[in-house]
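Engineer: Just dropping this structure here.
The values are calculated or read from the model by the stated rules, or taken from the named source; none is laboratory data. The structure displayed is predicted, hence computed values, not measured ones. Positions of Cβ are generated from backbone atoms using ideal geometry, with glycine treated the same way; all protein chains shown enter the neighbour counts. When the accessible area is computed, the model is the full protein with side chains, heavy atoms only, and any ligands, DNA or RNA have been set aside. Shrake-Rupley method; radii C 1.70, N 1.55, O 1.52, S 1.80 Å.
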Amino acid sequence: MWATTMSTYEQKEIESKILGYYLDAYDDYSKQAVFDTAKDGFSFLDDIRQLYDEQKPPITPQTSSKQFQSEIDLSRYRKDFPILFTKVNGKNLIWFDNGATTQKPKAVIDALTYFYENENSNIHRGAHTLAARATDAYEEARAITASFINAPSPDNIVFVRGATEGINLVANAFGCTYLKSEDEIIISHLEHHANIVPWQLVCEKTGAKLRVIPVDESGQIILSEFQKLINHRTKFVSITHVSNALGTITPVKEIVQIAHAYGIKVLVDAAQSISHFPVDVTDIDADFLVFSGHKIYAPTGIGALYGKEDALKILPPYQGGGNMIADVTFERTIYQNAPAKFEAGTGNIADSVGLGAALKYVSGIGMENIARYESELLLYAASKLSQIDGVKIIGTALNKASVLSFTLDGFTTDEIGKALNANGIAVRTGHHCAQPILRRFGLESVVRATFAFYNTFYEIDEFISVISNLKR
Ligand code: PMP
C-alpha cells in the first residue's frame, strides 16, 4: 500500500506542488492539456496519480481539491512556536507527539500574558472595570469557540477542563437521570478510555449495559453491526470522531442519523479531530460534542462541551456551587440556564482566553489547509515507513487523520521510542489509553507518531532514517 518513489524532502516539495496541480487538473477536465504537459515533464507523476487513485489522501468530505493550491507547505508557521526551536539531546526537537498534546503558538502565550497583565479578575459578579474586562474576554472566547465549530450560539458552549470532563459531565447528568437497568449505551471498539470508563461507572450505578460496535481489520467501525446493536433498549450513543490509537475517521454523521431515527441522543468525542480538519456540529448534527483545548494549540485545563439547546435543557447540573445559580434558599435552588448551569465555581478564565486565541490562530491558517497539508504528511510518512522491513502499520482505514501507529519486528516499542528520543524526536509509546482497540489487533503497545501542520517532510525523513538504522 501507499508505495512511492519519493525519497528526499526536496523531491517531496516539488512533488507536493505538482500533486497540488495534479489534483486540480484531476478535478477539472479543462486543464487536461496542462496536466499532460506536466506529466511528460515529471516521470514520478504516474506514481503520484496511482498513489492518489489507490489511497485518496484522508481528508474530510468538506475538503475539496480546489482549495489545495500551491500553498500546501504550512511549515512557515513553525516560527510562531518558540518551543520548536528547542534542542533535545543535542538535536533540533521534532515534535510528533501532537496526539498527546500540541505545542503553543506565540499568539496563545501572548494572550495569556496580556490577560494576566491587563484583565485578570474573577468574572460575572464584580462591579469594577477589571471584572467587566475579564468577563468580556471569557465570553468572547465562548463566542469564538461556538463559531469555530459552527454552533448556533455561544450558549451551546460549556467550558470544561477537557474532553474527559465533558464526557463525564454528560455521562453523569444524562446517565444518572435517565438510565434504568434494562437500558443500553452504545460505544465503539475504538474509544479512548475517557469514553469507556465514565459509561462503565454510570452502568455500575444504574444497571444499564454497555454495547460495543466492532471494527474491521482496517480499524473502521462496521456500520452494519451498529445497525444490529441499536434497538428500543438503546438510550445513548457515544462515539469518537477520530481514534487516538489508529487515526480512523469514523462515520459520525451516519451514526448520528441512524441513532436519531430511533430518537437516541449522540455524543461525539472530537478530542482527536478538532485540530486536524473542520468540525461542524451543525453538519454532524450530534447532540453533544467535546474537545480539549490543549490538543488544538491552546493551554491545558480548558476544553469545550457543545450541546444542542434541547439536549442541554434536559440535563440536570453536574456540580453545584457559585455561578450556576439564579437564586438559593435553604429550601431550594433555582439554576441558571445553560451554559452557566454547568459551570459551577470559578472557571479557568485565563485559559479560556488562550483557547479563543488558539482557535483564532488556526482559523487564520484555515482548517481546510491544515487538513490538506497534514494528509500529505501522513501519506508521505506511511509510504516511507511501510517500506521498512519488519514495520507493521496499525490502523489502515481509508479515512484517517494524522495518526501513524506501528510496531517493528525485533524491537519493543520502548526501544523504538528511546532511539527516536535520542535523536530529538518525540513520539508516544504504549497503549495510548485505548487498550481495547490495541488488544483487538493482538497488541499491548504501539509506537505512535501524530502530525501537526508545523511538522515538515524533512522531519519525517529524519524519523524514517532513525527507524531504518535500527533495522541495520
Ligand atoms: N478522547 C480521545 C480520543 C483522546 O485522544 C483523548 C486524549 N488523549 C481524550 C478523549 C481525553 O482528552 P483529555 O485528557 O484532554 O481530557
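Engineer: With respect to Leu190, is the statement that it is away from the ligand (no atom under 11 Å from the Cβ) and within 21 Å of the chain's Cα centre (by Cα) true?
Structural biologist: Here the answer is no, as Leu190 does not meet what is asked.
Engineer: Out of the residues in segment 259-276 meeting the condition of being of a type in the set (Val, Ile, Thr) and either farther than 19 Å from Ala397 by Cβ or in contact with a Lys or Arg (Cβ under 7 Å, 6 or more places away or on another chain) (or both), tell me which one is surrounded by the most Cβ atoms within 10 Å (Cβ to Cβ).
Structural biologist: So, considering only residues that are of a type in the set (Val, Ile, Thr) and either farther than 19 Å from Ala397 by Cβ or in contact with a Lys or Arg (Cβ under 7 Å, 6 or more places away or on another chain) (or both), the one surrounded by the most Cβ atoms within 10 Å (Cβ to Cβ) is Ile274.
Engineer: May I ask you to list pairs of residues, at least six apart or on different chains, whose Cβ atoms are under 8 Å apart, with the first in segment 370-397 being at positive phi and the second being open to solvent by 10 Å² or more (accessible area, probe 1.4 Å)?
Structural biologist: Gly390/Asp409; Gly390/Gly410; Gly390/Lys471; Gly395/Ser218
Engineer: Can you tell me which of (1) within 16 Å of the ligand (Cβ to nearest atom); (2) touching a strand residue (DSSP E or B) at 6+ places or on another chain (Cβ under 7 Å) is the one Pro299 doesn't meet?
Structural biologist: (2)
Engineer: Here are Ala163, Ala151, Ala171: which of them is within 16 Å of the ligand (Cβ to nearest atom) and more than 20 Å from Ala350 (Cα to Cα)?
Structural biologist: Ala171
Engineer: Looking at (1) of a type outside the set (Lys, Arg); (2) open to solvent by 30 Å² or more (accessible area, probe 1.4 Å); (3) out of contact with any Leu (no Cβ under 8 Å at 6 or more places or on another chain), which is the one condition that is false for Leu470?
Structural biologist: (3)
Engineer: Further question: Tell me, which residue of segment 196-245 that is in contact with a helix residue (DSSP H, G or I) (Cβ under 8 Å, 6 or more places away or on another chain) and in a loop (DSSP other than H, G, I, E, B) is farthest from Thr396 (Cα to Cα)?
Structural biologist: Ala208
Engineer: Those residues that are hydrophobic (A, V, I, L, M, F, W, C) and open to solvent by less than 60 Å² (accessible area, probe 1.4 Å), I need them from segment 327-349; list them, please.
Structural biologist: Ala338, Ala340, Phe342, Ala344, Ile349
Engineer: Asp310 passes all but one of (1) under 13 Å from the mean Cα position of the chain (by Cα); (2) away from the ligand (no atom under 11 Å from the Cβ); (3) open to solvent by 10 Å² or more (accessible area, probe 1.4 Å); which number fails?
Structural biologist: Failing condition for Asp310: (1).
Engineer: Right, next: For the list (1) free of Cβ contacts under 8 Å to residues at least 40 places away in the same chain; (2) in a helix (DSSP H, G or I); (3) buried (at least 16 other Cβ atoms within 10 Å of the Cβ), I need the number of the one condition that Tyr361 fails.
Structural biologist: (1)
Engineer: Restricting attention to segment 220-270, which residues are of a type in the set (Gly, Ala, Ser) and either within 16 Å of the ligand (Cβ to nearest atom) or within 16 Å of Phe174 (Cβ to Cβ) (or both)?
Structural biologist: Passing the criteria: Ser238, Ser243, Ala245, Gly247, Ala259, Gly263, Ala270.
Engineer: Another one. Among the residues of segment 430-447, count how many are open to solvent by 10 Å² or more (accessible area, probe 1.4 Å), touching a strand residue (DSSP E or B) at 6+ places or on another chain (Cβ under 9 Å) and within 14 Å of the ligand (Cβ to nearest atom).
Structural biologist: Looking only at that region, the number is 4.
Engineer: Which numbered condition in (1) in contact with a Leu (Cβ under 8 Å, 6 or more places away or on another chain); (2) open to solvent by less than 10 Å² (accessible area, probe 1.4 Å) is the only one that Ser352 fails?
Structural biologist: Unmet condition: (1).
Engineer: Hey, another quick one. Does segment 313-334 contain at least one residue that is away from the ligand (no atom under 15 Å from the Cβ) and under 20 Å from Val252 (Cβ atoms)?
Structural biologist: Within segment 313-334, none of the residues are away from the ligand (no atom under 15 Å from the Cβ) and under 20 Å from Val252 (Cβ atoms).
Engineer: For segment 173-192: of the residues being open to solvent by 10 Å² or more (accessible area, probe 1.4 Å) and touching a helix residue (DSSP H, G or I) at 6+ places or on another chain (Cβ under 7 Å), which is nearest to Ile302 (Cα to Cα)?
Structural biologist: If we take residues in segment 173-192 being open to solvent by 10 Å² or more (accessible area, probe 1.4 Å) and touching a helix residue (DSSP H, G or I) at 6+ places or on another chain (Cβ under 7 Å), then Cys176 is nearest to Ile302 (Cα to Cα).
Engineer: Taking helices (runs of 4 or more DSSP H) that do not extend beyond segment 76-179, which have at least 2 residues that are under 16 Å from Val290 (Cα atoms)?
Structural biologist: By residue number, 129-148, 163-170.
Engineer: Here's another thing I want to ask about it. I'd like to know if segment 315-335 contains one or more residues that are in contact (Cβ under 8 Å) with a residue 40 or more places away in the chain and of a type in the set (A, V, I, L, M).
Structural biologist: Yes, because at least one residue in segment 315-335 is in contact (Cβ under 8 Å) with a residue 40 or more places away in the chain and of a type in the set (A, V, I, L, M).
Engineer: Taking segment 277-295, which residues are closer than 23 Å to Tyr373 by Cα and crowded, with 24+ Cβ neighbours inside 10 Å?
Structural biologist: The answer is Phe277, Val279, Phe291, Ser292, Gly293, His294, Lys295.
Engineer: Return the residues of segment 386-417 that are surrounded by fewer than 19 Cβ atoms within 10 Å (Cβ to Cβ) and of a type in the set (Phe, Trp, Tyr); say none if nothing qualifies.
Structural biologist: If the condition is that a residue be surrounded by fewer than 19 Cβ atoms within 10 Å (Cβ to Cβ) and of a type in the set (Phe, Trp, Tyr), then Phe411 is the only one that fits.
Engineer: Please verify whether Thr206 is touching a residue at least 40 places away in the same chain (Cβ under 8 Å), more than 15 Å from the ligand (Cβ to nearest atom), touching a Leu at 6+ places or on another chain (Cβ under 9 Å) and farther than 28 Å from Gly293 by Cα, treating the condition exactly as stated.
Structural biologist: No: the conditions fail for Thr206.
Engineer: Going through segment 372-405 one residue at a time, which ones are among the hydrophobic types (A, V, I, L, M, F, W, C) and under 16 Å from Thr250 (Cβ atoms)?
Structural biologist: Passing the criteria: Ala397, Leu398, Ala401, Val403.
Engineer: Quick check on my filter: what residues within segment 398-415 are over 16 Å from Gly99 (Cβ atoms) and either within 16 Å of the ligand (Cβ to nearest atom) or among the β-branched types (Val, Ile, Thr) (or both)?
Structural biologist: Passing the criteria: Asn399, Thr407, Thr412.
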